[in-house]
Structure formats: C-alpha cells, structure tokens
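Structure record follows, encoded as structure tokens.
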Amino acid sequence: MRSVSEKRQRYLFIAAFIVPTLVFFCVFTIYPVIQALYYSFFDWSGMSDTKEFIGIDNFKEMWNDPIVLRAVGNDYFLVAGKIVGIMILATFFAVALTRFNFKLAGFFRSIFFIPNVISVVVIGVLWNFIYNPQIGFLNAFLSLFTEEKVTITWLGFTSHTIWMLLPPAIWAGIGFYMILLIAAIQNIPESYYEAAELEGAGQWTQFRSITVPLIWEQMKVSIINIMMTTLNGSFVIVWIMTEGGPDNSTQVMGSYLYQMAFRQYHFGFAASIGVLILVLSLVTTVVMQRLLRHEAVELS
Amino acid sequence: MAFNKKMAALGLAAAMTIVPLAGCGSNDNNEGASESPGASSASPSASASAPAGESASPSPSESAVKLTGDFEIQYFVGGYGDKWWKKVIADFAAANPDLNVKESGGPKINEQNKPRWIGGNPPDFVYIDGPNLNDRQMVEDGQLEDLTDWLKDAKNVDGDKILDILAQQPQQYDGKIYNIPLVLNSWGVFWDKALFKEKGYAEPTDFQSFLDVSEKIKADGITPYIHTGKYPYYINGSILYPAIVSNNNDDFTILQDMAANKVEAYQSPAVLAALNQIVEMRDKGLIDKASIQINHTDSQMMFLQHKDAFISNGLWLPNEMAKDVPEGFDFGFIPSITQKPGGKVVANTSTATVAVAKNGKNKEAAKAFLQFIFSKAQASQWAELSGAPSNIKGDISSSNAPNFVKDAARFLTDPNTVVIPTITFNADVDTEMQNATDALTIGKITPEEWVKRVTDVVAKVK
C-alpha cells in the first residue's frame, strides 16, 4: 500500500519536472514544425484567407531555384568558416589565459567575452560602420598605408561578399566558446602538466597530448553548437548587414525564407525552405556527431 | 567532471526553455496591441443601411443615412505620422454619432492585423502603406472590395465627384478598381541649392546637363550621385522608370504594360536605352561606390554631409531627415534627370492608397468614410498635418504646408510634367528588377542580361 503511494509520488515528482517543459516544447517547437510542414504543401501568399494544395511543388521549385542552392552554400560556408575561426581562436585564447600565468588574464577574459553580451543586431550595425567605404574604420585604417584614399566596398563585391560576414560572426562567437574551453582546461589536474614538464615536454607537446584530448568533449559540443546556431541563426547577421544582397550574393536559407515569406508573398515556399533548414540541421548534426565521436578521451 | 557535464547540460536545457519563452512574451505584446474584436456586432442595421451607397446624393451624407454599428480603420504610421488620421477620424466620428468608430494604427499595424486578414475578419477600412502590405498582392488575394461600379459616380461629402477631384486616377487591375490613392508623392533627385550656388554648379534640367555638372562636381572632389543599394527601388523609382518613360516618347503606358507582366514591354528598346543611361552614369564614375552596400539612412546622411551632390529619393526626404539637416541646407528637387534636353520632366509618383476590405463587416461606413476623406478640405489638411501632397486636387498654396510640399504639388500639376500614375509591380518581378539594377550598377551584368533576367521572372509569374 505504502509502496504504491510512494511510487505515485515519485511519478508525480518526475512529472512535475517533465510536463511543463514538454508542454512548452510541444507548443513552441513541435506544433510550429508540423504547421510549417503543412504550409509547405500549399501555394499561399501568407495574407490570403484561401490557400491551394499543390503537393510537393514547392520542393520541386526549390530544387530549381539557383538562389536556394546559393543560400545553402553560403550557410555551409559560414558553418565551416565559423567552426575553423572560432575554434582556433577560442582554443588559443583559452590556453593563453589559463596555461600561461600572467597578471591580466582576468581582464582579457572579460574583454573577449564582451561581444557575447552585445546583441547580434548591434554587432551587425557596428560592423556595417567598420565596412562603410566612405566613413568606415577599415578603409580609414588602410588609407594610412596608401597614398590614395582606399574606397573598397567591403559589402558590395560582385561575388564572394559572404566572406565579409565571417569576421563579425567569428568575433561575436569567440567569447562563449572560450569560456567553455577555459572551464574545461581548468578541470585538468595540474599534476598532469607537472609530470609532463618533468619528462621534458614543451608547451606544444603539453597542449597536443594533454590539453586537447582532455577538452575534446567540450570542443565537440562547441563545434556542433556552432554548426546548429549558424544554420538556424545566420539570418540575423545577414539581414542586419546586407539583407541578402547585393543581388542575392549573401543570401542564406533564413534570409531567403524571410524574403520569400514577407517581401515576395510566397509563404508556402518559405515554409518549405524552413523544412529544408530543419532537415539539413538534423542531418548535419548526426553526421558531425559520427565524425567526431571516436576521438573522445574521458578523464577517469 | 561528470558533475560539470551535467551542469552544462542543465544550463543548455534552461537556455532552450528560456528562448521560446522570450518569443512567447513578445507574442503576447503583439496580441495585446492588436486586440479589438472585429467579430463583434456587425449590427443588422449596418446591412439595413445599404442605401448609404446612394448617400452620394449632393446633400451632406449624414443627413441622408444614419451609419450605425462598428467601423474599424487600419492605418500604418510611418513618415507621414498619424496627426491627420487622428484628426479626420475624430471629425468623422463626430459627424456620425451613432457609429462606433475604432482605429487600429501604428508602425507595426500591418503585421499585427495580418492574422485577422488571414482569418477573414479584417478591419473595414485600410490605408495601404508601409512594409508587409502590398496592394497588388491584396487584390490577388481577394482581400479588397471591388470599387469599380461604386466609384463610377460616387460623390464626396461636398457633392464633388470623387474621380474628378483625384490628381492621380486609381490603378486598374484587369479593368477593375480596388484602391484609391490618397497620398501623392514623387520620386526624384535632390541636391543642395545652397551648395550649388556657392560652387557655381548649374542645376540639372535634363540628362546632358546632369552629366556635365556631375563632371564638374567630381573634379571638385565630391562624388556626384548616391543611392541606396540595399533598397534598389530608390534608384529604380527615381532614375530607371522615368528614364524608360522618357525613352518611350513620354508614354508611360509602357510601365503599365510591364506591371501587367507583358514580356514584350520589357524587351522594348526604351528599357534598354534607360538601362544604358545608368550604365553611362556608372562608367563615368558618377555613382558613389558606397551606394551598393548602404541603406537609405546612410545614403541620406552622406548626402546631407555633402559627400555626394545628388541623391535618389522621394519627397519625404526633408521630413524624414528633419533632425539632421545642416543649417543653410536648401533642398533642390527634380522628378527626373534622364530626359533629353528640352524634353518633358517625368514624375514617377509614389502613392499610398486606401481601400475597403472585402470581408469587412461595415462596408457602408467604409464607403462613407471614403466620401468623407476625399474632399478638398482634407487636401490642405493632409498637406499640413503630414507634410506631403495629397492626391486630391486643390489649391494648397494658402495652407500651412511646408514650402517643398507646395513646390512639389506645383510640379505634379504642371501640364509640362509627365506624371506616371501609381504602378505596383508583381513582387517577384519587382525584386528581380531591384537585384538586377544593383548588379548593373556594380558592373556585374549588362543591360541585355538585365532584360533577360527580368523577362525570365515575368514569364514565370505569368
């Protein structure tokens, strides 16, 4: 008798934690996903009170739309660029601030973290000014070294403008992953490094053979997280800085979705882009998990 | 270590729950702002008052028919502000004491009311302006009431025929009228008269004089011309479209054919000639290289700082930048610069329209409101309170409207000006024209490729 009520209490206790989250998850994640999937089968302007079922025509059209392909390419370019850029710099900073004891480590840690506190919108606007050809910092700086005033239109190349979005994206991301890696490095027992040093291992060897293997788990999480946030969130920086332009050269899936849904009134088509983002995010996550899986070393 | 991981996971989970919550919060706000139940009593008397349509009788409308029930007006608040709307709605409500007039206005109203349009429960009357609201799309979606028959002989509260007092006639969609232009504004090119006087530059009157003075300006180290490449409809509206009309012997029907998705119109030599004028500006180095990547505000700031001598813009510019205009700055304006010497100026109008919702509950009140606002008295009032010319013919010279508004109004009523009526392109075609023009200004494509790209899209949307 007593055990039954105890069991029930236990379930109640568990349910108290799970149910609210589950409800929120269903309402704000599962339901919109299903809705989007539903709309992706319709030809709908997003404003009309009627919509026409067209099966998978939206997906067929997506396949034939060169801008979608470019957007996917740009997204993966940003993913790759950000992973490389952020991981190298974040790891470098994390190691520098933990392994080489120097006085101002705390100060620099705060400095590097600041971009994370700033909204991405502000970062976008800020970098727009840096890139401004007439009054921008970058051209003014470069002009110091040249005879004539430099007037490069950093966000207006005929192609490859997407490269210019990488620096702000990386700059904005470093702080968080640096803190993550600092926490991991600080968990490595000092004795490991002492032992290595006694054996004559230099800083590089220590980094390669002790630090990296023992923080690999955090690096893996970082890489996957960068990948996911970029595929889902590259929209913000693109929309603030270029709105996908000039001539669609910096379009990513998110920005093209917005463009299609709210500027060109093809809500159904936009929904199918949303489905594409979801599918690609899932597939890429699984692939990344597999690629990175084997090399984890656990600290016992 | 394991503990750490758990903490990290927990933290992540917490973050994930907070994110949707944040979204939820803002959703709530939106709903709060856009509440106002439209479903409420579309009282039977509203439909009983059907003869209100005939209130077009010369006598003041309110004496003819009593309007009752609820009546809701949706208006976007942008550069023109909401002073006029507040005033005219209050006056209309006072004239119709039995009518419960509601207003939903604001800078975000188009988005806020969207669910109601989708749900078939829209406000009765809508002012179509600002983002996320496109008249052509609304017509295609069947959201707007067909006003063709009603407007044919509708008279305003003063007994004037509405069609007669409109400066610009409504756009027709397959011969039908759904929306009436309320604001009449013009695209064009601005400069600073004070600067031109100081430096002895001649004000442009045609393309050649524009090119000549631009060379002079360039020699003085000022970039001649700037536009906003982030929103290429500025350059399309103030350079390309007027140029197409000028090259088409001042016949603007070519633009209407283009808007009607006729492929041949896009392949006309006039289009190519107009594009080549932009190419000439580009190749002579007159276009500020910064244009391609900046938004309208940045381009306007650079213009006000005399980094650029000319800017493509609309007549709202002085109002929009009122706070940043340097002392002594004197706006000069011409609707088009691409005409041949001695040719007519072409004014590409930019209008904002009003319409009646097809699914509205009180169409009679909405029509009565149309009769109320399209009166000569409102022309001056609009110009005064919103700082823009209205689409109602009427002498505003004695009103308190700003000087440039009066000048513009004069320009738009001058018989020597070719005035292009409101034209809304299909959104896909419009977007492609904008992107292609951007590509053209940075030398990525040729005029022929511009035509090819745009006609491909036209053929597709057709």
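The values are calculated or read from the model by the stated rules, or taken from the named source; none is laboratory data. Predicted, not measured: the structure shown is a model, and the values here were computed from it. Neighbour counts are summed over all protein chains in view; Cβ atoms, including those assigned to glycine, are modelled from backbone coordinates with ideal geometry.
Conditions tested, residue by residue: (1) within 14 Å of chain A (Cβ to nearest Cβ); (2) at pLDDT 95 or above; (3) touching a Lys or Arg at 6+ places or on another chain (Cβ under 9 Å).
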| residue | (1), (2), (3) |
| --- | --- |
| B:390 | no, no, no |
| B:414 | no, no, no |
| B:419 | no, no, no |
| B:427 | yes, no, yes |
| B:454 | yes, yes, no |
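Tell me, which strands (runs of 3 or more DSSP E) lie completely within segment B:65-173 with 3 or more residues that are buried (at least 18 other Cβ atoms within 10 Å of the Cβ), in contact (Cβ under 8 Å) with a residue 12 or more places away in the chain and more than 14 Å from chain A (Cβ to nearest Cβ)? Before you say what the answer is, go through the steps one by one.
Details: elements: B:69-76, B:99-106, B:125-128.
The strands (runs of 3 or more DSSP E) meeting that bar are B:69-76, B:99-106.
For segment A:39-62, name all the residues that are in contact (Cβ under 8 Å) with a residue 12 or more places away in the chain and either in a loop (DSSP other than H, G, I, E, B) or loosely packed, with under 12 Cβ neighbours inside 10 Å (or both).
Taking segment A:39-62 and keeping what is in contact (Cβ under 8 Å) with a residue 12 or more places away in the chain, we get A:39-47, A:51, A:53-59, A:61-62.
Scanning segment A:39-62 gives A:40, A:41, A:44, A:45, A:46, A:47, A:51, A:53, A:54, A:55, A:56.
Restrict the check to segment B:178-198 and report whether at least one residue is among the β-branched types (Val, Ile, Thr) and either without any contact (Cβ under 8 Å) to a residue 24 or more places away in the chain or within 14 Å of chain A (Cβ to nearest Cβ) (or both).
Of all residues in segment B:178-198, those among the β-branched types (Val, Ile, Thr) come to B:180, B:183, B:189.
Still in the list and also either without any contact (Cβ under 8 Å) to a residue 24 or more places away in the chain or within 14 Å of chain A (Cβ to nearest Cβ) (or both): none.
So far as segment B:178-198 goes, no, none of its residues is among the β-branched types (Val, Ile, Thr) and either without any contact (Cβ under 8 Å) to a residue 24 or more places away in the chain or within 14 Å of chain A (Cβ to nearest Cβ) (or both).
Do you know which residues across segment B:310-341 are assigned to a loop (DSSP other than H, G, I, E, B) and at pLDDT below 90?
Start the filter on segment B:310-341 by keeping residues that are assigned to a loop (DSSP other than H, G, I, E, B), which leaves B:315-316, B:321, B:325-330, B:335-341.
If the condition is that a residue be assigned to a loop (DSSP other than H, G, I, E, B) and at pLDDT below 90, then B:315, B:316, B:321, B:330 are the ones that fit.
Okay, residues lined up against (1) surrounded by fewer than 18 Cβ atoms within 10 Å (Cβ to Cβ); (2) away from chain B (no Cβ under 14 Å):
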| residue | (1), (2) |
| --- | --- |
| A:167 | yes, yes |
| A:170 | no, yes |
| A:182 | no, no |
| A:190 | yes, yes |
| A:212 | yes, yes |
| A:219 | no, no |
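Before we move on, is residue B:388 over 19 Å from the mean Cα position of the chain (by Cα), at negative phi and crowded, with 20+ Cβ neighbours inside 10 Å?
Details: over 19 Å from the mean Cα position of the chain (by Cα): no; at negative phi: yes; crowded, with 20+ Cβ neighbours inside 10 Å: yes.
So residue B:388 does not fit the description; no.
I'd like to know if segment A:92-115 contains one or more residues that are charged (D, E, K, R) and within 14 Å of chain B (Cβ to nearest Cβ).
At the first step, the residues of segment A:92-115 found to be charged (D, E, K, R) are A:99, A:103, A:109.
Next cut, within 14 Å of chain B (Cβ to nearest Cβ) only: none.
Within segment A:92-115, none of the residues are charged (D, E, K, R) and within 14 Å of chain B (Cβ to nearest Cβ).
I want to confirm something. Restricting to segment A:229-246 and keeping residues that are of a type in the set (A, V, I, L, M) and within 11 Å of another protein chain (Cβ to nearest Cβ), which single residue is farthest from residue A:119 (Cα to Cα)?
Residues of segment A:229-246 of a type in the set (A, V, I, L, M): A:231, A:236-238, A:240-241.
Imposing the further condition that a residue be within 11 Å of another protein chain (Cβ to nearest Cβ) reduces the set to A:240-241.
Working: A:240: 12, A:241: 14 Å.
Selected residue: A:241.
Out of the residues in segment A:257-271 meeting the condition of being assigned to a helix (DSSP H, G or I) and facing chain B (nearest Cβ under 9 Å), tell me which one is nearest to residue B:430 (Cα to Cα). Can you show your working first?
From segment A:257-271, those assigned to a helix (DSSP H, G or I) are A:257-263, A:267-271; that's our starting set.
This time we only want the ones that are facing chain B (nearest Cβ under 9 Å), so: A:259, A:262-263.
Values: A:259: 13, A:262: 14, A:263: 10 Å.
Within segment A:257-271, the match that is nearest to residue B:430 (Cα to Cα) is A:263.
Would you check if residue A:244 is among the small types (Gly, Ala, Ser), at pLDDT 90 or above, surrounded by 17 or more Cβ atoms within 10 Å (Cβ to Cβ) and assigned to a helix (DSSP H, G or I)?
On the way: among the small types (Gly, Ala, Ser): yes; at pLDDT 90 or above: yes; surrounded by 17 or more Cβ atoms within 10 Å (Cβ to Cβ): yes; assigned to a helix (DSSP H, G or I): no.
When the stated conditions are applied, residue A:244 does not pass them.
Output the residues belonging to segment B:319-370 that are free of Cβ contacts under 8 Å to residues at least 12 places away in the same chain and not acidic (Asp, Glu).
Of all residues in segment B:319-370, those free of Cβ contacts under 8 Å to residues at least 12 places away in the same chain come to B:322-323, B:327.
Listed by number, the residues that qualify are B:322, B:323.
Given the residues B:250, B:283, B:288, B:257, which is the only one that is of a type in the set (Asp, Glu) and closer than 30 Å to residue A:124 by Cα? Give the derivation first.
On the way: B:250 fails: closer than 30 Å to residue A:124 by Cα; B:283 fails: closer than 30 Å to residue A:124 by Cα; B:257 fails: closer than 30 Å to residue A:124 by Cα.
Answer to the selection: B:288.
So which of B:185, B:248, B:236 ends up being more than 19 Å from residue B:343 (Cβ to Cβ), at pLDDT 95 or above and either among the polar types (S, T, N, Q) or surrounded by fewer than 18 Cβ atoms within 10 Å (Cβ to Cβ) (or both)?
Values: B:185 fails: at pLDDT 95 or above; B:248 fails: more than 19 Å from residue B:343 (Cβ to Cβ).
After ruling out the rest, the residue left standing is B:236.
Kindly establish whether residue A:83 is in a helix (DSSP H, G or I), of a type in the set (A, V, I, L, M), in contact (Cβ under 8 Å) with a residue 40 or more places away in the chain and more than 14 Å from chain B (Cβ to nearest Cβ).
Details: in a helix (DSSP H, G or I): yes; of a type in the set (A, V, I, L, M): yes; in contact (Cβ under 8 Å) with a residue 40 or more places away in the chain: yes; more than 14 Å from chain B (Cβ to nearest Cβ): yes.
When the stated conditions are applied, residue A:83 passes them.
Does residue A:68 satisfy being more than 30 Å from residue A:219 (Cα to Cα) and either surrounded by fewer than 17 Cβ atoms within 10 Å (Cβ to Cβ) or touching a residue at least 24 places away in the same chain (Cβ under 8 Å) (or both)?
So residue A:68 passes the test.
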